[in-house]
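Remarks on the structure that follows.
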Amino acid sequence: MADNKNMETIERFRSRIAESESMYKIVDSVFVEDSQLYIEHPEKLIEVLKECILPFRKTCKSLNSPCSGAVDGELVRLRCMIRESIGYECFPLEELKNSKNEKCCGFLRNAFEDEIQIQPTALKFGSRFKYVVMPVPGASKWYDETFYDIAVKEGNQSEGQVTSNGMKSSKIIAKFVDESGSDLRPNHIFDLFGIYDTTVLFDSELDDCDGNKVMYRHYNTLHVIAFEPVEDHKVLNQEFPLMSDINTGAISLIRKSLKLLFGDDISAEYLLCHLISKTYMRWSENPVCSMPLNIVNVTDAESIVRHLRLLMPKVVLFKITGDNLCTDNFVPKMNNALGMLEDDSVLPFSNGTVFVIDETDFTWSSILSISDEKRAIVNKNLKAMGTLAKEQVLEYDYTVYNVTLDCDVNVLILSKELSSLKLEAPFAVAIPKQFHDGVDPASVFEEPQSIRQCRHALQVCRNSVEDVSIPDQLNKSITDSFLHSRSRGMGTGVACDRLHRLLTLTRLCAAVDSTMEANVEHWRKAEKMEIKRTRGLEGFLRRWDK
């Protein structure tokens with residue numbers, strides 16, 4: 001805790017921040033208070049600056065806002081996803097101004113002012129860690145509103161649509177002096193607070209791998225003073241307890257809205273389980289409790305996606321067409337000339353994202369006559385989507401080798417029949433023929449408080465999936481069920497697949513009920529759900545074949 005003298009100093013600097021003085025000047029003033037200490041221990045300076053900006057972390061301009069109006073040297077905030085690490089850079093810790101011989105801090109800026117003369121023999125250097133960061137892919141309007149505390153105006157915020165040009169984004173280079181920022185993982189979300197730097201040091205033209213001239217693109221910089229990881233289940237106001245009766249009421253409302261959406265109880269239950277499914281561990285490299293879901297007989301994908309965005313924090317829609325399937329890059333690809341990933345890839349996303357693959361308008365006839373080169377792109381894209389759905393793995397193409405990262409993405413496939421892309425989702429449910437009776441499924445959320453409670457309940461249930469245990473008594477019932485399946489002549493592979501689906505559903509049903517231990521009732525419910533699902537799907541396929 002800061003002593004009285006330090007608090008007086010901090011309050012003095014806070015008053016200057018409140019007056020919108022350039023953060024460069026404020027950092028210089030903090031630096032000269034004890035420059036020798038800060039040169040030897042850069043983390044000490046960051047600690048003081050964290051205290052200085054603390055009251056402004058919710059009120060400074062947000063780079064997430066399309067019209068933030070942030071300028072060079074201003075204190076800003078940003079909710080973002082780490083896209084990639086681009087190593088570290090050296091920077092001068094201090095330099096002297098010629099005119100007044102004043103010390104200038106190099107920690108949190110890209111360049112010194114013109115009047116500063118570089119004296120290489122007198123310089124001491126430090127290192128800072130660099131990342132390419134981007135707005136959270138698929139962030140719903142209400143999710144962003146929880147960060148910058150204002151309503152997002154219609155038309156000003158991306159709805160997470162992926163187009164043939166890739167993800168809508170605006171990338172920034174985030175630089176961390178603090179050692180705690182030395183090993184941040186890609187595809188994770190953070191709230192960053194620091195100094196906005198629009199300095200362009202130079203323009204350059206480089207040769208890419210094919211010998212073509214490429215203009216190096218310079219991104220604006222955020223010099224990070226403070227940061228914190230974002231957990232989806234903590235995004236909403238903390239007024240809701242983790243487990244209470246309020247969860248039960250909220251889940252009932254969600255069920256009601258999903259039944260209105262589909263006109264079918266079993267489809268609603270499967271989508272509810274899908275939304276809280278979570279790959280929290282791996283067993284023999286296979287994801288545990290992942291639930292890729294294929295909803296079949298869909299003619300109105302838009303209504304489903306609209307409802308998902310109402311409930312879930314991050315929803316990315318990719319509408320499959322013959323054109324984008326053979327031209328888009330699903331896999332992030334390294335540009336070796338630029339030293340960073342290309343901008344045009346569809347993947348990746350942060351954990352907890354609902355990735356909706358809309359096949360309703362796709363036909364294979366649209367790509368029958370494509371060239372061999374484009375067919376290779378199609379095969380690569382299909383492989384990437386299949387790997388994501390089945391293995392919960394994201395692929396990166398580094399030209400001479402591929403890198404894979406484990407992920408936790410809820411893959412939802414919407415199609416008229418079983419996925420024509422052959423993504424092999426283990427759960428496929430046929431919904432009744434869609435119709436519009438004028439009743440909006442969102443109408444069940446009568447008050448803003450209701451929808452907030454429902455969003456919170458979904459995230460709390462999702463977060464609790466990994467804590468659900470399987471007691472010994474239930475293990476015996478599971479074993480008996482497996483042996484019974486084998487005794488009826490079911491093949492080992494088929495029986496194991498069935499067991500895996502039932503275990504996944506059992507755990508998810510327990511999480512929906514806000515219990516930390518699955519019981520026989522959850523297992524029996526899972527069995528009934530699977531029977532209804534398979535019968536409904538078989539009936540749909542028979543009608544479709546006719």
Restricting to strands (runs of 3 or more DSSP E) lying wholly in the stretch 226-303: which have 1 or more residues that are at pLDDT 95 or above and buried (at least 22 other Cβ atoms within 10 Å of the Cβ)?
293-296
Cβ-Cβ under 6 Å pairs, at least 6 apart or on other chains, the stretch 40-69 side in the same structural domain as Ser29 (by the TED database), far side exposed (fewer than 13 other Cβ atoms within 10 Å of the Cβ) and assigned to a loop (DSSP other than H, G, I, E, B)
Pro66/Asn156
Number of the condition not met by Trp283 [criteria: (1) over 20 Å from Pro426 (Cα atoms); (2) out of contact with any Ser or Thr (no Cβ under 9 Å at 6 or more places or on another chain)]
(1)
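So is Thr399 farther than 25 Å from Met312 by Cβ, in the same structural domain as Lys278 (by the TED database), in contact with a helix residue (DSSP H, G or I) (Cβ under 9 Å, 6 or more places away or on another chain) and not acidic (Asp, Glu) or not? Step through it out loud before you land on a result.
Details: farther than 25 Å from Met312 by Cβ: yes; in the same structural domain as Lys278 (by the TED database): yes; in contact with a helix residue (DSSP H, G or I) (Cβ under 9 Å, 6 or more places away or on another chain): no; not acidic (Asp, Glu): yes.
The answer is no for Thr399.
Kindly evaluate Val439 against the criterion of being β-branched (Val, Ile, Thr), surrounded by fewer than 18 Cβ atoms within 10 Å (Cβ to Cβ) and farther than 29 Å from Ile357 by Cα. It would help to see each step written out before you state the result.
Working: β-branched (Val, Ile, Thr): yes; surrounded by fewer than 18 Cβ atoms within 10 Å (Cβ to Cβ): yes; farther than 29 Å from Ile357 by Cα: no.
No.
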Could you tell me whether Glu159 is surrounded by fewer than 20 Cβ atoms within 10 Å (Cβ to Cβ), under 18 Å from the mean Cα position of the chain (by Cα) and modelled with pLDDT under 50?
yes
Pairs, first among the hydroxyl-bearing types (Ser, Thr, Tyr) in the stretch 265-279, second assigned to a helix (DSSP H, G or I), C-beta under 8 Å, six or more apart:
Ser267/Leu258; Tyr270/Met529; Tyr270/Arg533; Ser277/Arg462; Ser277/Val465; Ser277/Thr504; Ser277/Leu508
Please work out which one of (1) outside any loop (DSSP other than H, G, I, E, B); (2) under 29 Å from Leu405 (Cβ atoms); (3) at pLDDT 85 or above is the condition Thr146 fails and give its number.
(3)
Working only within the stretch 428-446, note down all residues that are hydrophobic (A, V, I, L, M, F, W, C) and assigned to a helix (DSSP H, G or I).
Ala442, Val444
The stretch 305-329: number of residues that are assigned to a helix (DSSP H, G or I) and either under 19 Å from the mean Cα position of the chain (by Cα) or of a type in the set (Lys, Arg) (or both):
7
Between a first residue in the stretch 463-492 that is surrounded by 10 or more Cβ atoms within 10 Å (Cβ to Cβ) and a second residue that is part of a strand (DSSP E or B) and of a type in the set (A, V, I, L, M, F, W, C), which pairs have beta carbons less than 9 Å apart while being 6 or more apart in sequence or on different chains?
Glu466/Met281; Glu466/Val288
Checking Ser170 against (1) of a type outside the set (D, E, K, R); (2) in contact with a Ser or Thr (Cβ under 7 Å, 6 or more places away or on another chain); (3) modelled with pLDDT under 90, which single condition isn't satisfied?
(2)
Do we have any residue at all in the stretch 392-401 that's in contact with a Pro (Cβ under 6 Å, 6 or more places away or on another chain), farther than 18 Å from Arg542 by Cα and outside any loop (DSSP other than H, G, I, E, B)?
yes
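Please determine, by comparing only the residues of the stretch 447-473 that are part of a helix (DSSP H, G or I) and either among the basic types (Lys, Arg) or in contact with an Asp or Glu (Cβ under 7 Å, 6 or more places away or on another chain) (or both), which one is nearest to Cys289 (Cα to Cα). Before the answer, list the steps.
So the first thing to find is which residues in the stretch 447-473 are part of a helix (DSSP H, G or I), and the list is 448-467, 472-473.
Okay, now just the ones that are also either among the basic types (Lys, Arg) or in contact with an Asp or Glu (Cβ under 7 Å, 6 or more places away or on another chain) (or both), so 452, 455, 459, 462.
Values: Arg452: 26, Arg455: 21, Gln459: 15, Arg462: 11 Å.
The qualifying residue nearest to Cys289 (Cα to Cα) is Arg462.
Could you list all residues from the stretch 352-370 that are crowded, with 20+ Cβ neighbours inside 10 Å and part of a loop (DSSP other than H, G, I, E, B)?
Gly352, Thr353, Glu359, Phe362
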Within the stretch 499-523, track down each residue that is assigned to a helix (DSSP H, G or I), out of contact with any Phe, Trp or Tyr (no Cβ under 8 Å at 6 or more places or on another chain) and over 15 Å from Lys278 (Cβ atoms).
His500, Val520, Glu521, His522, Trp523
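The values are calculated or read from the model by the stated rules, or taken from the named source; none is laboratory data. Source: prediction; values computed, not measured. Cβ atoms come from the backbone with ideal geometry, glycine included; neighbour counts cover every protein chain shown.
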